[in-house]
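The values are calculated or read from the model by the stated rules, or taken from the named source; none is laboratory data. Because the structure is predicted, anything quoted here is derived from the model rather than measured. Neighbour counts are summed over all protein chains in view; Cβ atoms, including those assigned to glycine, are modelled from backbone coordinates with ideal geometry. We work out accessible area using only protein heavy atoms, side chains counted, and drop any ligands, DNA or RNA first. Shrake-Rupley method; radii C 1.70, N 1.55, O 1.52, S 1.80 Å.
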Amino acid sequence: MCLFRRWTSTSQPGAVGLAALVGIWTALVPRAAEAQACCAATALISPARLQGAEQLGMGVRLRSRSVLGSFDSAGRYAPSPPGDLDVAEDLFAAVRVGVSGQVAFFLPIVQSRRTIPGYFSWGGGVGDLNLSGRYTWLLPGEHPIWPGITWQIGVSIPTGRSVSEASDSLAADATGTGTFEGTVGVNLQQIAGSWFVSFDGWIAQRVPRNEGGVQQSFSPRWTGVLSGGYVLGNHISAGLFLNGQTQGSSRTATDGKIIDGSAQSLVTAGGGAIVPIADVWRLAATLSLDVLISGFGRNQLGGAALSVSVCRLWI
């Protein structure tokens, strides 16, 4: 959300120079540009984040990811011939709750192509349902020093089909994780005129589940996304982002033994653009590439991804 109020305070020791620079910058840049930058920061990461006076949003996101290689348990990357492909259509909606809150859901429809030499298979279905909530505690630009702060919470419900439940020989029809997962996090945003920078941090925890006759417990997964960009005069915004995630080894729930090769990590870089249309439509697109260098991933497939979303808005 992008509501702004001017902040007034007396000068404090050690902050006179910073206050002067902020004052000069504020005088040179329209307040409208700051509001646009705030809104762009929230929408670059997820299309289901409401901005400004928006009360309701509904839309669809199309995404595709092509596998280019894989990281082993030691972090070594090895390229592979193109073949595996993941495609999804995400149905989403978000609604504002009061002045500072909003709730949203994502429901993916997944299609996957899996290959081995001389054979390939297609499969798909409904993926895991994701529910999330956000509460803005401090607005970007509301304080001269502190960034905007938004608390985040989410839960993933296993409405999809896990690998162990798949019937396809290559598990191409697997569409979910097979377990509940809870997430808490924070979003920090700062703006300077038409420039914006944002950091999203999450910690996620999956519920233990039975996999292949073994009851597994999972380590927390940590995710951080740093993004930044610029809002053009026609309200189109463009930015870059860097995503990193890591998760420790899983353990057997009965005796706590570490399951070899279960720790995961991956680093992804990309860029995106947001195009508002007549205040009631928002188009967004992102292009990303995993960092396909040894040491930047572990026990994960590496690839390139493209997403395009359209959202209908009500104010």
Task: When residues of segment 37-78 are limited to those that are in a loop (DSSP other than H, G, I, E, B) and more than 28 Å from LEU91 (Cβ to Cβ), the one modelled with the highest pLDDT - done: ARG76
TODO: Considering only residues that are out of contact with any strand residue (DSSP E or B) (no Cβ under 7 Å at 6 or more places or on another chain) and on the phi < 0 side of the Ramachandran plot, look in segment 208-233 and name the one that is surrounded by the fewest Cβ atoms within 10 Å (Cβ to Cβ).
DONE: GLY233
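Restricting to segment 61-86, name every residue that is within 29 Å of LEU107 (Cβ to Cβ), under 23 Å from the mean Cα position of the chain (by Cα) and either crowded, with 16+ Cβ neighbours inside 10 Å or not hydrophobic (A, V, I, L, M, F, W, C) (or both). Before the answer, list the steps.
We begin by selecting, within segment 61-86, every residue within 29 Å of LEU107 (Cβ to Cβ); these are 61-68, 70, 82-86.
Among the residues that remain, those that are also under 23 Å from the mean Cα position of the chain (by Cα) are: 61-68, 70, 84-86.
Selection gives ARG61, ARG63, SER64, ARG65, SER66, VAL67, LEU68, SER70, ASP84, LEU85, ASP86.
Check ILE315, ILE274 and return the single one that is of a type in the set (A, V, I, L, M, F, W, C), open to solvent by less than 20 Å² (accessible area, probe 1.4 Å) and either in contact with an Asp or Glu (Cβ under 7 Å, 6 or more places away or on another chain) or within 30 Å of GLU54 (Cα to Cα) (or both). Steps first, please.
Numbers: ILE315 fails: open to solvent by less than 20 Å² (accessible area, probe 1.4 Å).
It is ILE274.
Do we have PHE241 as surrounded by 18 or more Cβ atoms within 10 Å (Cβ to Cβ) and of a type outside the set (D, E, K, R) here?
Details: surrounded by 18 or more Cβ atoms within 10 Å (Cβ to Cβ): yes; of a type outside the set (D, E, K, R): yes.
Judged against the criteria, PHE241 is a match.
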TODO: Check off (1) in a strand (DSSP E or B); (2) surrounded by 16 or more Cβ atoms within 10 Å (Cβ to Cβ); (3) out of contact with any helix residue (DSSP H, G or I) (no Cβ under 9 Å at 6 or more places or on another chain) for VAL184 and give me the number that stays unchecked.
DONE: (2)
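Answer with yes or no whether SER164 is surrounded by fewer than 20 Cβ atoms within 10 Å (Cβ to Cβ), in contact (Cβ under 8 Å) with a residue 12 or more places away in the chain and in a helix (DSSP H, G or I). I'd like the intermediate steps shown before the answer.
Numbers: surrounded by fewer than 20 Cβ atoms within 10 Å (Cβ to Cβ): yes; in contact (Cβ under 8 Å) with a residue 12 or more places away in the chain: yes; in a helix (DSSP H, G or I): yes.
Here the answer is yes, as SER164 does meet what is asked.
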